[in-house]
Amino acid sequence: VVKDAYGAFLDLLPRFFERSKPAAGIHPTAVIAPDAKISPGVSIGAYCTVGAHSVIGERCILHPHVAIYEDVTLGADVELFSGVSIRAGSILGARVTVHDNSVIGADGFGYIPDPKSGIRKVPQVGNVIIGDDVEIGAATCIDRATIGSTKIGQGTKIDNLVQIGHNTVIGSNCFICGQTGIAGSCTIGDGV
């Protein structure tokens, strides 16, 4: 008998269904840039790529087919599931989890009319910064900023199939449910 049955259930569940984690090491099919920094205790799975000047923090887990572009920084204990792409210049804090096939730092959707070409693409030269303890669901996309940074605050949880536009700032400890679309340049406070 406990006062908080659901809390007790959450404490007990991992004891019966503990998920195994891959052993530390780098799979022979992984392609890692010579100047990338790989910290101790990292697990890098089959067919992963790590780009130039990237930093992979201690005990990170990159499941098979993860693509880390150039100049990416991952904090300690980040876990990226299969098919995740972390695009150039993105920064992920400690203990971030990104589920399968999500894309962090793809170009924002920026175009203007152009009398010569019809439509002209706006260069997207910013980045994405994700705080500590963020979890991002499967097939979610967070666009890089046009200039500056798209930011996700610490502790925020983002469900599957979410689109977050360029230059958006989301505060700490927010919950964003599946299939939500947040346009570019929005600002969302803490605890939303």
Self-check item: Over 26 Å between alpha carbons, listed pairs LYS116/LYS151; LYS21/LYS151; LYS21/LYS157
Solution: LYS116/LYS151; LYS21/LYS151
Exercise. Kindly state, to the nearest 0.05, the FRET efficiency for ILE147 paired with LYS116, given R0 = 25 Å and r defined as their beta-carbon distance.
Key: 0.60
Quiz prompt | 0 to 90° range, to nearest 10: angle between helix 5-16 axis and the chain longest Cα axis | solution = 80 degrees
Quiz item: Which order do peptides 150-162, 30-42 fall in by mean Cβ count within 10 Å, highest first?
Solution: 150-162, 30-42
Quiz item: Between HIS27 and ASP100, what is the label-to-label distance in nm when each label sits 7 Å out along the Cα-to-Cβ direction?
Solution: 1.4 nm
Quiz item: Between PHE175 and LYS3, what is the label-to-label distance in nm when each label sits 7 Å out along the Cα-to-Cβ direction?
Solution: 2.2 nm
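Any read-out appearing in this document is the output of simple, stated calculations on the displayed coordinates, not a laboratory observation. All values reported here derive from a predicted model rather than from experimental measurement. FYI the Cβ positions are ideal-geometry reconstructions off the backbone, even for glycines, and counts take in every protein chain you see.
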